[in-house]
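Visitor: Dropping a structure here in C-alpha coordinates format, bear with me for questions.
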Amino acid sequence: MNKYYDMITIENVSVAFEDFYALKNINLTLDEKRIGIIGSNGSGKSTFARLINGLQLPSEGKVEIDGLATCKNGKAIRRKVGFIFQNPDHQIIFPIVEEDIAFGLKNIGYNKAEIHQKIDSLLAAYGVTHLRYKKSHLLSGGEKQLLAILSVLVMEPTYIVFDEPSTFLDLKNKRKILQVMEKLNQTIIVVTHDLDLLTHFDRVLLFEQGSLVANDIPSAAIKAYQKLIYDPL
Ligand SMILES: Nc1ncnc2c1ncn2[C@@H]1O[C@H](COP(=O)(O)OP(=O)(O)OP(=O)(O)O)[C@@H](O)[C@H]1O
Ligand SMILES: [Mg+2]
(Lines give C-alpha, C1' and ligand atoms only; values in the text may rest on other atoms or scores of the structure.)
(Ligands and ions follow the chains in the order given, each with its own letter.)
Protein backbone atom coordinates (compact mmCIF):
# COMPACT_ATOMS: atom_id res chain seq x y z
CA MET A 1 0.00 0.00 0.00
CA ASN A 2 1.16 3.50 -0.74
CA LYS A 3 2.60 4.92 2.47
CA TYR A 4 0.90 8.25 1.76
CA TYR A 5 -2.57 6.75 1.67
CA ASP A 6 -5.12 8.87 3.56
CA MET A 7 -2.71 11.53 4.64
CA ILE A 8 -2.19 15.26 4.32
CA THR A 9 1.40 16.40 4.64
CA ILE A 10 2.44 20.01 4.92
CA GLU A 11 6.14 20.68 4.78
CA ASN A 12 7.73 24.05 5.56
CA VAL A 13 4.74 25.85 4.06
CA SER A 14 4.44 29.61 3.97
CA VAL A 15 1.93 31.74 2.08
CA ALA A 16 2.89 35.31 1.29
CA PHE A 17 0.73 38.01 -0.26
CA GLU A 18 3.41 40.43 -1.47
CA ASP A 19 5.42 41.07 1.70
CA PHE A 20 2.69 39.91 4.13
CA TYR A 21 2.88 36.35 5.40
CA ALA A 22 -0.62 34.92 5.91
CA LEU A 23 0.98 31.60 6.94
CA LYS A 24 4.48 31.07 8.24
CA ASN A 25 6.47 27.86 8.10
CA ILE A 26 3.77 25.28 8.79
CA ASN A 27 4.77 21.63 9.28
CA LEU A 28 2.05 19.05 9.79
CA THR A 29 0.91 15.54 9.06
CA LEU A 30 -2.82 14.91 9.28
CA ASP A 31 -4.30 11.43 9.12
CA GLU A 32 -7.36 11.73 11.36
CA LYS A 33 -10.96 11.75 10.12
CA ARG A 34 -12.17 14.87 11.99
CA ILE A 35 -9.93 17.91 12.06
CA GLY A 36 -10.95 21.33 13.37
CA ILE A 37 -9.32 24.68 12.67
CA ILE A 38 -9.71 27.60 15.05
CA GLY A 39 -8.17 31.01 15.64
CA SER A 40 -8.90 34.72 15.59
CA ASN A 41 -10.13 36.63 12.54
CA GLY A 42 -7.29 37.03 10.07
CA SER A 43 -5.12 34.36 11.72
CA GLY A 44 -4.79 32.33 8.48
CA LYS A 45 -7.51 29.67 8.84
CA SER A 46 -9.14 30.12 5.43
CA THR A 47 -5.75 30.43 3.76
CA PHE A 48 -4.81 27.11 5.36
CA ALA A 49 -8.12 25.50 4.33
CA ARG A 50 -7.61 26.68 0.74
CA LEU A 51 -4.14 25.11 0.67
CA ILE A 52 -5.67 21.67 1.21
CA ASN A 53 -7.55 21.66 -2.09
CA GLY A 54 -5.10 23.71 -4.08
CA LEU A 55 -7.30 26.84 -4.26
CA GLN A 56 -4.24 28.45 -2.69
CA LEU A 57 -0.73 27.27 -3.55
CA PRO A 58 2.14 27.64 -1.09
CA SER A 59 4.67 30.41 -1.75
CA GLU A 60 7.25 28.19 -0.07
CA GLY A 61 7.21 24.51 0.87
CA LYS A 62 4.94 21.69 -0.21
CA VAL A 63 1.40 20.44 0.43
CA GLU A 64 0.68 16.81 -0.44
CA ILE A 65 -2.63 15.00 -0.33
CA ASP A 66 -2.23 11.21 -0.39
CA GLY A 67 1.21 11.76 -1.89
CA LEU A 68 0.03 14.19 -4.62
CA ALA A 69 1.55 17.67 -4.51
CA THR A 70 -1.15 20.36 -4.84
CA CYS A 71 1.13 22.48 -7.01
CA LYS A 72 1.48 19.77 -9.67
CA ASN A 73 -1.79 17.85 -9.58
CA GLY A 74 -4.46 20.55 -9.42
CA LYS A 75 -7.16 18.62 -11.22
CA ALA A 76 -6.69 15.37 -9.26
CA ILE A 77 -6.51 17.32 -5.99
CA ARG A 78 -9.78 19.13 -6.66
CA ARG A 79 -11.49 15.79 -7.26
CA LYS A 80 -10.01 14.35 -4.11
CA VAL A 81 -10.75 17.36 -1.90
CA GLY A 82 -14.16 19.02 -1.91
CA PHE A 83 -14.50 22.55 -0.56
CA ILE A 84 -17.60 24.06 1.05
CA PHE A 85 -17.56 27.84 1.26
CA GLN A 86 -18.92 29.91 4.12
CA ASN A 87 -21.54 31.44 1.85
CA PRO A 88 -23.33 28.92 -0.42
CA ASP A 89 -24.23 31.75 -2.82
CA HIS A 90 -20.55 31.73 -3.81
CA GLN A 91 -20.78 28.06 -4.69
CA ILE A 92 -24.17 27.54 -6.31
CA ILE A 93 -23.91 28.28 -10.02
CA PHE A 94 -26.97 26.89 -11.80
CA PRO A 95 -30.58 28.12 -11.59
CA ILE A 96 -32.13 24.70 -10.87
CA VAL A 97 -31.04 22.42 -8.01
CA GLU A 98 -30.68 19.34 -10.23
CA GLU A 99 -28.47 21.22 -12.72
CA ASP A 100 -26.21 22.44 -9.97
CA ILE A 101 -25.60 18.94 -8.67
CA ALA A 102 -25.16 17.55 -12.20
CA PHE A 103 -22.53 20.09 -13.24
CA GLY A 104 -19.43 18.35 -11.80
CA LEU A 105 -20.56 14.93 -12.99
CA LYS A 106 -21.05 16.21 -16.56
CA ASN A 107 -17.58 17.68 -16.44
CA ILE A 108 -15.99 14.34 -15.71
CA GLY A 109 -17.91 12.54 -18.42
CA TYR A 110 -20.88 10.80 -16.80
CA ASN A 111 -23.79 10.24 -19.19
CA LYS A 112 -27.33 11.52 -18.66
CA ALA A 113 -28.73 8.26 -17.26
CA GLU A 114 -25.86 7.86 -14.79
CA ILE A 115 -26.21 11.45 -13.65
CA HIS A 116 -29.97 11.07 -13.19
CA GLN A 117 -29.50 7.92 -11.14
CA LYS A 118 -26.78 9.44 -8.93
CA ILE A 119 -28.88 12.53 -8.23
CA ASP A 120 -31.91 10.33 -7.45
CA SER A 121 -30.10 8.37 -4.79
CA LEU A 122 -28.30 11.38 -3.31
CA LEU A 123 -31.47 13.45 -2.90
CA ALA A 124 -33.34 10.46 -1.47
CA ALA A 125 -30.52 9.70 0.99
CA TYR A 126 -30.77 13.25 2.39
CA GLY A 127 -34.58 13.38 2.30
CA VAL A 128 -34.71 16.28 -0.15
CA THR A 129 -36.11 14.75 -3.34
CA HIS A 130 -38.72 17.55 -3.30
CA LEU A 131 -36.00 20.13 -3.97
CA ARG A 132 -34.88 18.58 -7.25
CA TYR A 133 -36.56 21.02 -9.67
CA LYS A 134 -36.59 24.06 -7.37
CA LYS A 135 -34.89 27.32 -8.28
CA SER A 136 -31.54 27.33 -6.46
CA HIS A 137 -31.65 31.03 -5.60
CA LEU A 138 -35.07 30.67 -3.97
CA LEU A 139 -33.93 28.00 -1.49
CA SER A 140 -33.67 28.90 2.20
CA GLY A 141 -30.21 29.44 3.70
CA GLY A 142 -30.11 25.93 5.17
CA GLU A 143 -31.32 24.35 1.92
CA LYS A 144 -28.67 26.29 -0.02
CA GLN A 145 -25.92 25.09 2.30
CA LEU A 146 -27.20 21.54 1.94
CA LEU A 147 -27.24 21.91 -1.86
CA ALA A 148 -23.64 23.17 -1.76
CA ILE A 149 -22.69 20.09 0.27
CA LEU A 150 -24.59 17.69 -2.02
CA SER A 151 -22.94 19.17 -5.13
CA VAL A 152 -19.59 18.36 -3.54
CA LEU A 153 -20.64 14.94 -2.18
CA VAL A 154 -21.90 13.71 -5.54
CA MET A 155 -18.31 13.89 -6.78
CA GLU A 156 -17.28 11.39 -4.07
CA PRO A 157 -14.26 13.26 -2.73
CA THR A 158 -12.01 11.61 -0.12
CA TYR A 159 -11.69 14.83 1.89
CA ILE A 160 -14.12 17.67 2.46
CA VAL A 161 -13.00 21.07 3.72
CA PHE A 162 -15.67 23.27 5.30
CA ASP A 163 -14.87 26.95 5.80
CA GLU A 164 -17.34 28.12 8.47
CA PRO A 165 -20.33 26.26 7.03
CA SER A 166 -22.84 27.26 9.69
CA THR A 167 -22.28 31.01 9.86
CA PHE A 168 -25.47 32.04 8.07
CA LEU A 169 -27.72 29.34 9.50
CA ASP A 170 -30.32 29.49 12.25
CA LEU A 171 -30.14 26.98 15.08
CA LYS A 172 -32.35 24.39 13.38
CA ASN A 173 -30.52 24.44 10.06
CA LYS A 174 -27.16 24.52 11.79
CA ARG A 175 -28.14 21.33 13.60
CA LYS A 176 -29.22 19.73 10.35
CA ILE A 177 -25.95 20.56 8.59
CA LEU A 178 -23.98 19.31 11.61
CA GLN A 179 -25.89 16.03 11.47
CA VAL A 180 -25.04 15.73 7.78
CA MET A 181 -21.38 16.42 8.55
CA GLU A 182 -21.31 13.86 11.38
CA LYS A 183 -22.52 11.08 9.10
CA LEU A 184 -19.99 11.67 6.33
CA ASN A 185 -17.51 8.86 5.76
CA GLN A 186 -14.99 11.29 4.34
CA THR A 187 -12.18 12.95 6.23
CA ILE A 188 -13.52 16.37 7.15
CA ILE A 189 -11.60 19.51 7.94
CA VAL A 190 -13.72 22.25 9.45
CA VAL A 191 -12.82 25.89 10.02
CA THR A 192 -15.12 27.25 12.68
CA HIS A 193 -15.65 29.83 15.41
CA ASP A 194 -18.21 27.47 16.92
CA LEU A 195 -16.05 25.63 19.43
CA ASP A 196 -18.88 23.33 20.64
CA LEU A 197 -18.89 21.71 17.22
CA LEU A 198 -15.39 20.34 17.80
CA THR A 199 -15.98 18.40 21.03
CA HIS A 200 -15.80 14.98 19.38
CA PHE A 201 -13.15 15.83 16.81
CA ASP A 202 -9.86 13.91 16.65
CA ARG A 203 -7.64 16.94 16.42
CA VAL A 204 -7.83 20.73 16.48
CA LEU A 205 -5.34 23.16 14.96
CA LEU A 206 -5.05 26.67 16.39
CA PHE A 207 -3.67 29.47 14.21
CA GLU A 208 -2.52 32.87 15.41
CA GLN A 209 -0.98 35.56 13.19
CA GLY A 210 -0.16 32.99 10.51
CA SER A 211 1.53 30.52 12.84
CA LEU A 212 0.30 27.13 13.98
CA VAL A 213 0.35 27.55 17.75
CA ALA A 214 -1.50 24.40 18.87
CA ASN A 215 -2.09 21.01 17.34
CA ASP A 216 -3.87 18.94 19.94
CA ILE A 217 -7.01 17.21 21.18
CA PRO A 218 -10.02 19.60 21.15
CA SER A 219 -10.07 20.44 24.88
CA ALA A 220 -6.35 21.32 24.93
CA ALA A 221 -6.44 23.36 21.68
CA ILE A 222 -9.52 25.28 22.86
CA LYS A 223 -7.84 25.98 26.19
CA ALA A 224 -4.80 27.31 24.32
CA TYR A 225 -7.11 29.55 22.26
CA GLN A 226 -8.79 30.94 25.37
CA LYS A 227 -5.39 31.56 26.94
CA LEU A 228 -4.26 33.43 23.80
CA ILE A 229 -7.24 35.74 23.99
CA TYR A 230 -6.73 36.60 27.65
CA ASP A 231 -2.95 36.49 27.52
CA PRO A 232 -1.95 37.45 23.91
CA LEU A 233 1.40 36.52 22.30
N1 LIG B 1 -5.57 37.18 -1.51
C2 LIG B 1 -5.08 37.88 -0.46
N3 LIG B 1 -4.34 38.98 -0.65
C4 LIG B 1 -3.83 39.68 0.39
N5 LIG B 1 -4.03 39.36 1.70
C6 LIG B 1 -4.77 38.25 1.92
C7 LIG B 1 -5.35 37.47 0.88
N8 LIG B 1 -6.03 36.44 1.43
C9 LIG B 1 -5.89 36.58 2.77
N10 LIG B 1 -5.13 37.67 3.07
C11 LIG B 1 -4.76 38.12 4.41
O12 LIG B 1 -4.22 37.02 5.11
C13 LIG B 1 -4.66 37.03 6.46
C14 LIG B 1 -5.32 35.72 6.80
O15 LIG B 1 -6.55 35.64 6.09
P16 LIG B 1 -7.53 34.41 6.26
O17 LIG B 1 -8.68 34.66 5.35
O18 LIG B 1 -6.78 33.16 6.10
O19 LIG B 1 -7.97 34.58 7.79
P20 LIG B 1 -9.04 33.77 8.64
O21 LIG B 1 -8.32 33.18 9.81
O22 LIG B 1 -9.79 32.84 7.77
O23 LIG B 1 -10.01 34.92 9.18
P24 LIG B 1 -11.60 34.93 9.44
O25 LIG B 1 -11.83 34.27 10.78
O26 LIG B 1 -11.91 36.39 9.51
O27 LIG B 1 -12.28 34.24 8.30
C28 LIG B 1 -5.57 38.25 6.61
O29 LIG B 1 -4.83 39.30 7.18
C30 LIG B 1 -5.97 38.57 5.19
O31 LIG B 1 -6.22 39.94 5.03
MG1 LIG C 1 -11.78 32.72 7.12
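The values are calculated or read from the model by the stated rules, or taken from the named source; none is laboratory data. Everything quoted here is computed from the prediction, not taken from an experiment. Cβ placement follows ideal geometry from the backbone for every residue including glycine, while neighbour counts extend to all protein chains displayed.
Visitor: Check whether at least one residue in the range 6-23 is in contact with a Phe, Trp or Tyr (Cβ under 9 Å, 6 or more places away or on another chain), part of a strand (DSSP E or B), of a type in the set (S, T, N, Q) and within 16 Å of ligand 1 (Cβ to nearest atom), and report yes or no.
Guide: yes
Visitor: Just for the range 58-78: of the residues that are surrounded by fewer than 19 Cβ atoms within 10 Å (Cβ to Cβ), in contact (Cβ under 8 Å) with a residue 40 or more places away in the chain and over 26 Å from residue 185 (Cα atoms), which one is farthest from ligand 2 (Cβ to nearest atom)?
Guide: Here the residue is 62.
Visitor: Please determine, by comparing only the residues of the range 31-52 that are of a type outside the set (A, V, I, L, M, F, W, C) and away from ligand 2 (no atom under 14 Å from the Cβ), which one is farthest from residue 219 (Cα to Cα).
Guide: 31
Visitor: Going through the range 147-166 one residue at a time, which ones are crowded, with 23+ Cβ neighbours inside 10 Å and within 16 Å of ligand 1 (Cβ to nearest atom)?
Guide: The answer is 161, 162, 165, 166.
Visitor: Only one of 82, 44, 39, 104 is more than 14 Å from ligand 1 (Cβ to nearest atom), surrounded by 16 or more Cβ atoms within 10 Å (Cβ to Cβ) and modelled with pLDDT of 95 or more; which?
Guide: Every option except 82 fails the conditions.
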